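These notes are about the structure you will find just below.
Read-outs: derived from the displayed coordinates by stated rules, not from any lab. For clarity, every value in this text was computed on a predicted model and none was experimentally measured. We place every Cβ from the backbone using ideal geometry, glycine too, and count neighbours over all the protein chains shown.
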Amino acid sequence: MSDLHQNHFELFSLPMQFAINLDMLDQNYRRLQSEVHPDRFAAAPSADRLRSMQLATQANEAYRTLKDPTTRARYLLQIHGVDSHHENNTAMPAEFLMLQMEWRELIAEASADRDVPALEKLLKITQQEAENLQEDLRTTLDENKQLLQAAEAVRKLSFIDKVRSDIEQTIIKLED
Amino acid sequence: MALLQIAEPGMSAAPHQHRLAIGIDLGTTNSLVATVRSGMSTVLHDEQGHALLPSVVRYLPDGTVEVGHQAQAQQSQDPRNTIISAKRFMGRGLHDVPDLVHLPYQFIDAPGMVQVSTRAGIKSPVEISAEILKTLKMRAEKALGVYEGRGELAGAVITVPAYFDEAQRQATKDAARLAGLTVLRLLNEPTAAAVAYGLDNAAEGTYVIYDLGGGTFDISILRLSKGVFEVLATNGNSALGGDDFDRRIFCWVLEQAKLQPITAEDTRLLLTKVREAKEWLTDHASAQITSILSNGEVVDLTLTSATLTQLIQQLVAKTLSPTRKALRDAGLSMEDIKGVVMVGGATRMPQIRQAVAEFFQQEPLTNLDPDKVVALGAAIQANVLAGNRNDNDLLLLDVIPLSLGLETMGGLVEKVIPRNSTLPVARAQDFTTFKDGQTAMSIHVVQGERELVSDCRSLARFELRGIPPMAAGAARIRVTFQVDADGLLSVSAREQTSGVETNITVKPSYGLSEDEIFNMLQSSFTSAEDDKQARALRETQVDAERLLEAISAALTKDGEALLNPQERAAIEAEMETLRTLSTGNDSHAIHSAVEALNLATETFAARRMDTSVKQAFAGKNLNSLKI
C-alpha cells in the first residue's frame, strides 16, 4: 500500500473528494508518521533510513496539500487533468475584481490609519467569502463534477488567500 | 537494510544492550546534562551535587582551563579571561553582537565568527563552548560508568534555541565535535521542554512553550496527541534574554550613580550585583545594589519592583511580537491554547509571568523547574535516537524555523521552503536562463524571511555548468531543496532537457572547515593514531554484528512471506561473507561487506516497510473512513 506512487488521498486512506474529514486526516497523518518517520530508524542501516525519509517527506507534503482547502481543491483538479493555474479563462468576473479592489483600498486605508480592528474585521469578511467558495466546491467538485467552474472557484480562492496573507502581514507590521 | 524496527515495538537491533545516550542543554547562563535511566529522565550532578554548570570558562595563567562554578567565582577578578555567555557569539560576526561596548572582552573580528583574545590565545566561541561540553561529557561518563566499562557513550542530543539559524547550529555542532561528542540531533529547546512537560503531565492538546533564557527567546506552539509532538509554529529572537534585562538595569545604575566610564572589572562586578538584585526582586518588593568600585567610588542604590517593571517594559513587549506571529502562522487564536508552559530562568520574573498571563488570558504553567526541563526532554529524545525503544512511543515532528530560498535577479529572494514546514521536507522550483546561450547558472542559497538577499543569511553558493546553449528563457532548471529530519539541507539543480545536474550538501560558510576542526582536535587531544584505528575497527565490527542480528531477526519474522528462495539465498550469501570478514581486522573490507549486505536487502526492506504501513491502517477501508 504505501509506496511513493500513491496519491495523497490514498496515502491517508481518505475518499478522493473535496469534502474530507479533517480529524481523520490529522489522525491518519500522525499514525503514518509514527510508522515511517526517520527517528524510528535512527539505528537502522542507510537504505532503511533513506526510504523512511522519502516516505516521511511524502507524508508531510501530502498532509500540507490536503489540509488547506485551496491546495486540496487544486490537487483534486490536477488529478482530474485540470490545471487551475493555466486554464485559458484566467479572466475573473468583473464583480470579483471590483471586490478585490475594494479590499485592497480598505487595507491601504487601515494601514495608513494604523487601524488594526478594521483589518481584523476584513479578515473575517474575507474568511466568510472563502468559506462560501469552499461550499461551492463541495457541489462543483464532489457532486456535479463541473471542473471548469471548480477551477474558477479555486482561482478566486487563491486571490482571497493572497489578500488574507497581505492583511496578516500588515497587522504584524502595525503590531511590531 | 533490512531491519525494520518499526514493526516490532520493544525490540531494537541489539535487544539486550541499552545504548548510553545523553541530553545536553547548552545554555547561555547555565548548562546541564541528563540521561534516561530505568525509563526515567534524570539530570546528572557533579561531585559537589550541582545540577547546573554555569556556562563560564576561564583561561588560567598556568595554561589550565576552569569551567563552571570556580570560573564564575573569578569573573570579576579576571573578566578578560573569563568568558560568560559565549552562546551569544556562536556563529555571529562582530556586527551581529549587540551592546559590544558593555562587554569586558577583547573581541577580534574574524571571518564568519567573532573571536575573543585571552591569555591562552585567541579563542572562538566554538572552542569556549566545547570546554563546557567536555566538562558535561566527563560528568556523564563518570555517572554512567563508562570508565568502568559499562559501555560507550553512543551520542548526545544537544539543544539549541528554535530560532537559531544555520550558522549558529553549525557552530554548536562544531563545538560538540571538538568536545569529542557524537551529535545524534540538535533539538530545539522549546520542543525538548514540551517533551518533558507533555510526557510528565500526559498532556493532550495545543500548548505554547514560552522560553526566555539568558540570551535567547523562543516561542513554540505544539500539538500533543498520543505521544506525537507536532510543532505547529515557532518564532523568536536569538538575541534577547535575561542578559538584556541585566544590561538594562546596569545602564540605569550607571545613569543613577552618574558613573564615568568604568573598568572591565567594575563592569563585571556591577553586572553581577545587578543580576543578584533582579533575582532578589522575584520574591521581594525592593533590592539594594551596593558596591565599591576599584577607584573607591561607592554605588548604593535601591531598585524597586515598580522601577524594574518600567525598565524592562519594552523588553517584555519585544517577546510578545514573535508570540503573535507564531499564533498567526499556526492559524490559531487564544481559545485554542490549552496551556502556556514557562521555560528558562528569566521566566521566574513576576513581570514576565504577568505579561504572559495577560496576553494569553490564562495563568502560565510554572509547575516544573524552568532550568531543568530542556535537558530532561533532550535526554528522552537522545534515548529514542540511540535506538533504545521506549514505551511512550514518542515521536517529534519538528519544523524549520526560518525560510530557505534562492537569490534571483536583482538580489531578491525566492522562498523555496517556507518557515514552519514540517521536517523532513523537499520542495522544487523551476528557474530559467536570463541570457541567450547562457551555459552556467550560479545558485545562491539563503535563509531568512526578508525580501532582499542582503537582509538574509547566506548559506552556500554553487554553480550548475554545462547547460546546452539555448535562447534566454528556454532552459528549464529545477532546483530541489531537501531538509532531512536532522535539519540538514541538500540542494540539487538539474537542467531538465539535457539532464545536466549538480548538488551540494549545505554547510554554512560560517562553520569551521574540516581542516580547522581536524587541527583543533589534533592540538587538544593526544590520542594516538593506533588507538583511533583500533576504535574504528571495533565500531565497524559492532555495526556488522548489529546488522547481522537485525537481518536474522527480520528473516525469521518475514523472510518466508516476503522473499522467494533465490532472493533469500542471495541475502544469506552476503550475510555469510560479512560474518567471515567481521572476525578479521580489515575494517575497510568489513565496511564494504556491510554496504553490500545493505544493498542486497534493499528490496526486502521496502517490502517490510510497506507491510508495516499496511498494518498501521489494518482494518480500515475507504468506507469506514468516510465522513
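Odds and ends about this structure:
- With contacts taken as Cα pairs under 8 Å and at least 6 residues apart, chain A reaches a relative contact order of 23 percent.
- Within 10 Å of each Cβ in B:600-610, the average number of Cβ atoms from other chains: 4
- With R₀ set to 30 Å, the beta-carbon distance separating A:Ser46 from B:Gln533 gives a calculated FRET efficiency near 0.85.
- Annotation: amide H-H contacts under 5 Å for B:Ala460 (H modelled 1.01 Å from N, sequence separation of 5 or more, or interchain): B:Val445.
- Peptide A:26-35 - average C-beta neighbours from other chains (10 Å radius): 6
- Taken about its Cα centre, chain B carries a charge dipole of about 900 debye when Lys and Arg each add +1 at the Cβ and Asp and Glu each add -1 at the Cβ.
- Taking packing as the residue-averaged number of other Cβ atoms within 10 angstrom, the listed peptides B:419-428, B:50-59 run from highest to lowest as B:50-59, B:419-428.
- In segment A:34-166, a dipole from Cβ-located charges (positive for Lys and Arg, negative for Asp and Glu) runs towards its positive end, and of A:Ala56, A:Ser111, A:Phe41 it is A:Phe41 whose Cα lies farthest in that direction.
- Estimated distance in nm for a label pair at A:Ile172 and B:Thr366, the labels positioned 7 Å out from Cα along Cα-to-Cβ: 3.1
- FRET efficiency estimate (nearest 0.05) - Cβ-Cβ, B:Glu358 to B:His588, R0 56 angstrom: 0.30
- Between B:His95 and B:Glu560, the FRET efficiency from the beta-carbon distance, with R0 = 56 Å, is close to 0.30.
- With helices as the sole contributors, the protein assembly as shown gives -14000 deg cm²/dmol at 222 nm; each DSSP H run of n ≥ 4 counts as -39500 (n - 2.57), and the sum is divided by every residue.
- Computed lengthening from A:Gln6 to A:Ser158, 0.36 nm per intervening residue step minus Cα-Cα distance: 52.1 nm
- Neighbouring Cβ atoms from other chains, within 10 Å of the Cβ of residues in A:56-63, number 5 on average.
- With Cα atoms, 0 to 90° folded angle of helix B:305-330 axis to chain B main axis: 20
- Once both labels are positioned 7 Å from their Cα atoms along Cα-to-Cβ, the gap between B:Thr182 and A:Glu95 label points is 6.7 nm.
- Distance-filtered residues of segment B:431-465 - backbone nitrogen under 16 Å, label point 7 angstrom along B:Gln496 Cα→Cβ: B:431-434
- Added length on full extension, which subtracts the Cα-Cα distance from 0.36 nm per residue, B:Ser321 to B:Glu549: 76.8 nm
- Distance between the 7 Å Cα→Cβ label points at B:Thr263 and B:Ala120: 2.4 nm.
- Rounded to the nearest 10 degrees, the inclination of helix B:189-201 to the longest alpha-carbon principal axis of chain B is 80 degrees.
- Using a cutoff of 8 angstrom between alpha carbon atoms and counting only pairs six or more residues apart, the relative contact order for segment B:179-313 works out to 14 percent.
- Nonlocal amide H pairs with B:Val183, under 5 Å, H built at 1.01 Å: B:Ala156
- Packing-based ranking, highest mean first, of B:277-285, A:22-30 given that Cβ atoms within 10 Å are counted: A:22-30, B:277-285
- Relative contact order for chain B, counting Cα pairs under 8 Å that sit 6 or more residues apart, in percent: 15
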